[in-house]
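Shown next, in structure tokens, is the structure this report addresses.
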Amino acid sequence: ASTHIKNFSPSFSHNQQDVVSSTIVRYLRDNYNKALSLKEIATQVYLSERHMSRIFKETTGMSIKQYATQLKMDIAKQLLLNPEVSISEVAYETGYHDVRHFSTVFRQLVGVSPTRYREQGGTHFL
């Protein structure tokens, strides 16, 4: 019975931290097209928002928000390669309901606008 209590100890092993982080990553990937709150994500791993955020940052080197945004932009880059999909559809598909906001975030992270990224066939030169 003592091992059962040990699992609820506030100090997590590296393995437990990896499990928490991979669970969060999987949840973010499954729900990249939704606006998620830290509270919703914390519910998935049964931790407080603060504790979850600290573990995620320790194991991945980035915040949950940074990771989620990077994931959305990676998916957006894939979608932009299909000329049949409009930029507003790409924005909507990645969870952005405001195309201008999507374009701003995309430009900040990728270095070019979604339109320019598409025109360059997914490649960009710095």
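The values are calculated or read from the model by the stated rules, or taken from the named source; none is laboratory data. Just so you know, these numbers come straight off a predicted model, no measurement behind them. Quick reminder, even Gly has a Cβ in these numbers, built from the backbone with ideal geometry, and neighbours come from all protein chains shown. In case anyone asks, the SASA skips ligands and DNA or RNA and just uses the protein heavy atoms, side chains included. Shrake-Rupley method; radii C 1.70, N 1.55, O 1.52, S 1.80 Å.
Observations on the model:
- Checked against the criterion of being assigned to a loop (DSSP other than H, G, I, E, B) and either at pLDDT 95 or above or over 19 Å from ASP18 (Cα atoms) (or both), the candidates PHE102, PHE125 yield just one match: PHE125.
- Pair list, Cβ < 8 Å and 6+ apart or interchain, from the stretch 16-35 residues that are in a loop (DSSP other than H, G, I, E, B) to residues that are buried (at least 18 other Cβ atoms within 10 Å of the Cβ): TYR32/ALA68; TYR32/LYS72; TYR32/THR94; TYR32/GLY95; ASN33/THR94; ASN33/GLY95; LYS34/GLY95; ALA35/GLY95
- Test: LYS57 is open to solvent by 80 Å² or more (accessible area, probe 1.4 Å), within 14 Å of the chain's Cα centre (by Cα) and modelled with pLDDT of 95 or more: yes
- Of all residues assigned to the stretch 82-96, none qualifies as being under 18 Å from VAL20 (Cα atoms) and hydroxyl-bearing (Ser, Thr, Tyr).
- Only one of the listed residues (ALA42, ALA76) is in a helix (DSSP H, G or I), within 22 Å of TYR92 (Cβ to Cβ) and among the small types (Gly, Ala, Ser). That residue is ALA76.
- Out of GLN44, GLN70, sole residue that is polar (S, T, N, Q), over 14 Å from THR23 (Cα atoms) and open to solvent by 30 Å² or more (accessible area, probe 1.4 Å): GLN70
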